[in-house]
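Undergrad: The structure's right below; bear with me while I get my questions together.
The values are calculated or read from the model by the stated rules, or taken from the named source; none is laboratory data. All values reported here derive from a predicted model rather than from experimental measurement. A quick note on method: Cβ atoms are made from the backbone with ideal geometry, for glycine too, and the neighbour counts reach across all protein chains shown. Ligands, DNA and RNA are excluded from the accessible area calculation, which covers all protein heavy atoms including side chains. Shrake-Rupley method; radii C 1.70, N 1.55, O 1.52, S 1.80 Å.
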Amino acid sequence: MPLPALPPSPPAPLDVVEADVEAADVLVVDVELVVVELLVVPAPPSPPLPPPPGFSVVSPEQAESAAPAATQNTNTREEVLKRIPALLGHAAPVLPRYSNAARSFACCIPPARSIFSHPRPPAPAPPPPDARRLASRPGSATHPPMPGLPPAALLFDMDGLLVDSEPLWLQVVQAFCRARGFTWTKEHHAACVGGGLRATLSATGERFGFAVEHERDVAAVVDDFIGSVGGLELKPGAAELLSAAALAGLPTALASSSPHRLIDAVLARFSLRPRFQVVVSGDDVAHPKPAPDIFLRAAAALGVPPARCAVLEDSLAGVTAARAAGMIVVAVPEGPWEGRGFEELADVCLPSLEHAHRWLGIAPAAAVAGDP
């Protein structure tokens, strides 16, 4: 039986072709490796099947009058081979359609993209979770070095992180409230850690209903604190981490919410001022932690992109500020951190600065106490 002529390229929906064949006949198109077989069966009983959307049933007379040349195979083998790429790119499975006439059918090839069965491409994999957080789950027994690029700068908080100063802060704020007839508790104070002295004194006035004169009262509380800095101690691992950063050539900044004169007094107490290339105080920014201003200012002063800075913080307000700044966040909370919100914000939670050496990849030659 002659083959139906192939459409011109690029292919549009091909003209309908109808052929009368016996019920057991098989129409075979064999072109090199391309084989399409249509098994012809008798037309179904009345009523006839409705045509698929976009097609219509034609009679042999209509097909002959509409495209008489389509029933003749005038294509050479070479011409058919040339049109195979167009078929592969635009053709769809051959769909048989039956007419009302017995033992006759119409066959068409609508435009689509799969005349043959092509495997569906796999769905794209979901983006992986934050690699840093995945590699350092809080509470794990060990803290392997962070993956990816190491930090290009370290930004440190001061109170509660480098210096064990929170007990002293609690004492001076309690004395400030006691002088006005009120009791400031540890629970009250814990809610203000990391937000700066001005915010803490504002919280005392709001809780107890007395007026706070910020300039006068902040100065008085700072004086009380500075008068007691001789009793402060560095947190475990603080001096060693600063020395390791210096040996590694990492620039460092101190970013504390405390006033400048208090920072200066604490750094002088431990002779730490030479360890920091930049010192940023809460006096230098419009918005204190948990706003990211203080860390962004420190990174700009160091000339290091925020994403390459690692922030070490002990308070939730500080961790929130570091995350908002788009930096690597190392939380070293005082006491247990589970259920306090640190896990959702920090890249890693560590029990002390003694473990920060290894995670940051700047451990000195000597083994760090507490690390395996």
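Undergrad: What distance in nm separates the two pseudo spin-label positions at A152 and A248, each 7 Å out from Cα along the beta-carbon direction?
TA: 1.5 nm
Undergrad: Given all pairs of different Cα atoms, what value in angstroms does the Kirkwood hydrodynamic radius of segment 164-207 take?
TA: Numbers: mean 1/r = 0.0968 Å⁻¹.
Roughly 10.3 Å, rounded to one decimal.
Undergrad: Please give the net charge around A291, taking every other residue with its beta carbon less than 12 angstrom from that of A291, where Lys and Arg add +1 and Asp and Glu add -1. The partial results should precede the final answer.
TA: Numbers: positive: K289, R297, R323; negative: D293.
With Lys, Arg at +1 and Asp, Glu at -1, the net is +2.
Undergrad: Would you rank F208, F182 by solvent-accessible area, highest first, keeping every protein chain in place and using a 1.4 Å probe?
TA: Values: F208 45, F182 70 Å².
Sorted by accessible area, descending: F182, F208.
Undergrad: What number comes out for accessible area per residue over segment 299-340 if the probe is 1.4 Å? Units Å², please.
TA: 35 Å²
Undergrad: Let me ask another. With every protein chain left in place, what is the accessible area of E215 in Å² (1.4 Å probe, nearest 10)?
TA: Taking all protein chains as shown, E215 has close to 130 Å².
Undergrad: Could I ask something else about it? Specify which residue in the list S352, F342, C309 is farthest towards the positive end of the charge dipole of segment 309-366, using unit charges on the beta carbon of Lys, Arg (+1) and Asp, Glu (-1), about the Cα centre.
TA: Positive-most Cα among the choices belongs to C309.
Undergrad: Ok, one more. What is the diffusion coefficient of segment 223-320 in µm²/s, taking the Kirkwood radius over Cα pairs and the Stokes-Einstein relation at 25 °C with a viscosity of 0.890 mPa s?
TA: 171 µm²/s
Undergrad: Further question on the same structure: Determine the order of S271, S352 by accessible area, beginning with the largest, at a probe radius of 1.4 Å. Present the calculation step by step, with values, prior to reporting the outcome.
TA: Values: S271 90, S352 20 Å².
Heavy-atom accessible area, descending, gives S271, S352.
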